[in-house]
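Below: one structure, written as structure tokens.
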Amino acid sequence: MSAFPFASPAMLRSGRANQAGLGLIELMVAMLLGLLVAGSAVAIFSTNRQAYSATESLGRIQENARVAYELMARDLRAGGGTPCARNIPLANVTSGSNWWQSWGNGSVSGFAQGSTAPTGAPANMTTKGDAIVALVADDTPLSVVTHNNVAGTFKLNAKPSSFNPLDLAVVCDYRQASLFQIKAGGVDTSNNIISYSKSGMNCTKDLSMPVKCSSTKNGVQYGNNAMVSRLRSVAWYIRDNGKGGTSLYQSQLGTNGAVVDQEIVEGVTGMQVTYLLNGGSGYVGAAAVGGGTNWANVVAVRIALTLQGGLGQEHVSTTGNAALTRTLVQTISLRNHQS
């Protein structure tokens, strides 16, 4: 039986016509509108994702710069420092010109990009940017009980467990400081003694100022409460990191005269270092400092690091498909400048 018992055949035909599906034109319009909505959503998502990646990359750049400048500033501010006094003369009795022993011409020394790397440094130390070196007496000194300048021994107030044979050490009092090498077998932790002689890198046993390598004298005798520290030498530079990019590296004098290289911050593509001389009107490059003892006149250092986003973030710039890059600058005053 029909659901509409009183409907005429014409009415039934009209109802079926009214229930017909969408036409081709209506379907195409609906699809076009759907594509426009989906395209807009994809564009918004892509833009937000790009902005998020750029923000994350910028945050990483800022964090890397903060770490780099904090560590570099610690080394440079302390450069040339001893546990005894500021600006005391230093007698360097070690022979040779390795970067990690060249104390005496100033608290820090620099090398411009493209210049010859200092003796004992990696050959590529100045390939990717400027380099800078600082030497300082370590901040964990021991006190001298007695100094036998005839035997070449320092008896200390505690076990010299932080010293090793052939290490470079700095001894100082209120008059002067001396840089020397501990001799082979020259660390006696049982009796709290370290020893030196005219051997190894030492050109003389005479620790007096001025240095005379031809001297056969016993030299200056340091008194009770003089301080002895290991020499801490650090170099900062840019080089390839073996991962397709460049990083900020630190080379540091380790035990027994060995130099240890370590990657500090990745994504550092350049470093420019300029120097302010005492009485100078502006910052100048390493070549303009003049070399030699003129490094003692450097009172401040300005470092400009160029950094990019880390691995996996090479193409997150908001202005194109390039790496997000920033150059950040830090100025560091030298506490122990000798001028």
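Readers should treat all values here as calculations from the given coordinates under stated rules, not as data from a laboratory. Just so we're clear, the structure is a prediction, and the values are computed from it rather than from any experiment. Methodologically, a virtual Cβ is constructed for each residue, glycine included, from the backbone with ideal geometry; neighbour enumeration extends over all protein chains shown.
Peptide packing: for 120-127, 260-267, the average count of neighbouring Cβ atoms within 10 Å per residue gives the ranking 120-127, 260-267, highest mean first. For the Cα trace of segment 231-294, dividing Rg by the Kirkwood Rh returns an Rg/Rh value of 1.08. For segment 73-83, the Karplus equation 6.51 cos²θ - 1.76 cosθ + 1.60, evaluated at θ = phi - 60°, returns couplings of 4, 4, 5, 6, 4, 7, x, x, x, 10, x Hz by residue, with Gly and Pro reported as x. Ordered by the count of other Cβ atoms within 10 Å of each Cβ, fewest first, Phe111, Phe180 give Phe111, Phe180. The relative contact order of the chain, computed from alpha carbon pairs under 8 Å that lie at least 6 residues apart in sequence, is 20 percent. Each helix, a run of at least 4 DSSP H residues, gives -39500 (n - 2.57); summed and divided by the residues of the chain, these come to -7000 deg cm²/dmol at 222 nm. 3J(HN,Hα) along segment 57-66, derived from phi through the Karplus expression 6.51 cos²θ - 1.76 cosθ + 1.60 where θ = phi - 60°, amounts to 5, 5, x, 5, 4, 5, 5, 4, 5, 4 Hz, with x in place of Gly and Pro.
Note on segment 77-115 and segment 198-265: Cα centroid distance 9 Å, given to the nearest whole angstrom.
The charge dipole of the chain, taken about the Cα centre with unit charges on the Cβ atoms of Lys, Arg (+1) and Asp, Glu (-1), comes to about 380 debye, rounded to the nearest 20.
Write down the Kirkwood hydrodynamic radius of segment 74-148, to one decimal in angstroms, obtained as one divided by the mean of 1/r over all alpha carbon pairs. In segment 74-148 this quantity evaluates to 14.1 Å. Rounding to the nearest 10 and keeping the result within 0 to 90°, find how far the Cα-based axis of helix 9-18 lies from the longest principal axis of the chain. That helix lies at roughly 20 degrees to the long axis. Once Rg and the Kirkwood radius are both taken over the C-alpha atoms of segment 115-259, their ratio Rg/Rh works out to 1.06. Ranking Ser178, Tyr222, Gly254 by how far each Cα lies toward the positive end of the dipole of the chain (charges on Cβ) leaves Tyr222 at the top. Packing order of peptides 215-221, 204-210, highest average first: 204-210, 215-221 (average count of other Cβ atoms within 10 Å over each peptide's residues).
Taken over the alpha carbons of segment 58-333 as equal point scatterers, the Debye sum produces base-10 log I(q)/I(0) values at 0.07, 0.11 Å⁻¹ of -0.29, -0.66. For segment 211-216, the Karplus equation 6.51 cos²θ - 1.76 cosθ + 1.60, evaluated at θ = phi - 60°, returns couplings of 6, 10, 4, 7, 5, 10 Hz by residue, with Gly and Pro reported as x. Near the amide H of Ile264, within less than 5 Å, lie the amide hydrogens of Leu248, Tyr249, Gln250, all on another chain or at least 5 residues away, with H placed in the peptide plane. Each peptide in 183-191, 297-305 receives the mean, over its residues, of other Cβ atoms within 10 Å, and ordering these scores from highest gives 297-305, 183-191. Magnitude of the charge dipole for segment 29-159, about its Cα centre and with charges confined to Cβ atoms of Lys, Arg (+1) and Asp, Glu (-1), is about 160 debye.
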